[in-house]
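Trainee: The structure's right below; bear with me while I get my questions together.
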Amino acid sequence: MKSTTRSTAPEVSDAALLARVAEGDVAALGELYDRHAESLLRYARRVDARDPEDVVQMVFLRVLRIAGTFRADAVSAKPWLLAIATRVLQERSRALRRWGAALLRLASAVERTQTSRADMRSDVSRALAQLSVAKRSVLILAEVEGFGCEEIATMLDIPVGTVWTRLHHARRELRRFHEHVEAEG
């Protein structure tokens, strides 16, 4: 009967694995991941429940860049990895706060724009209401509907000169109204 003894090679230290990672050994990073990912995941869940897997992934991506900074005399990489995870969580928190503040500023700007548009519509409505029906009709047909003076004259069965005169006076009255509103506000 054959003995199925398994050779138990001594476990490679975290420091040795990180030295290999610093040299570009991705398999060593995988081994380090297998050792510490679960505890990093638990830590990330406790500190911030949002996307703990992303935090762990970001930690190991950072380890790829800074593996050479690990102290070779350290017994375990776990405290070092937890420190990296803490920094990642803090950076994410700051980024989320900045993002939230930016969204609030944007929402405020949109609200101000909508309010100013509503105010402008109200001002335009008030200005148009002050025009006579004849001037308002010509102005709306020309400026809103886009008809030319000759077409408006045909539609309203009036001379083209009358259309031009009404349009000129309507625009002048709107400018005066606008100047008056700006002087008030």
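Trainee: Scan region 26-74 for residues that are part of a loop (DSSP other than H, G, I, E, B) and more than 17 Å from Ala15 (Cα to Cα) and jot them down. Let's see the steps before the verdict.
Mentor: Step one: list which residues in region 26-74 are part of a loop (DSSP other than H, G, I, E, B), which gives 48-51, 70-74.
Across region 26-74, the qualifying residues are Asp48, Ala49, Arg50, Asp51.
Trainee: Exactly one of (1) without any contact (Cβ under 8 Å) to a residue 24 or more places away in the chain; (2) closer than 14 Å to Asp14 by Cβ; (3) not hydroxyl-bearing (Ser, Thr, Tyr) is unmet by Ala77. Its number?
Mentor: That leaves (1) as the condition not met.
Trainee: Consider region 75-87. How many of its residues are surrounded by 11 or more Cβ atoms within 10 Å (Cβ to Cβ) and in a helix (DSSP H, G or I)?
Mentor: So the answer is 9.
Trainee: Using the structure shown, decide if Ala127 is in a helix (DSSP H, G or I), modelled with pLDDT under 85 and in contact with a Phe, Trp or Tyr (Cβ under 6 Å, 6 or more places away or on another chain).
Mentor: yes
Trainee: I'd like the full set of residues that are under 42 Å from the mean Cα position of the chain (by Cα), charged (D, E, K, R) and closer than 17 Å to Arg175 by Cβ, limited to region 128-147.
Mentor: Of everything in region 128-147, just one residue is under 42 Å from the mean Cα position of the chain (by Cα), charged (D, E, K, R) and closer than 17 Å to Arg175 by Cβ, namely Glu143.
The values are calculated or read from the model by the stated rules, or taken from the named source; none is laboratory data. As the structure is a computational prediction, the values presented were derived from the model and not from experiment. Cβ sites come from the backbone with ideal geometry, for glycine too, and all protein chains shown count toward neighbours.
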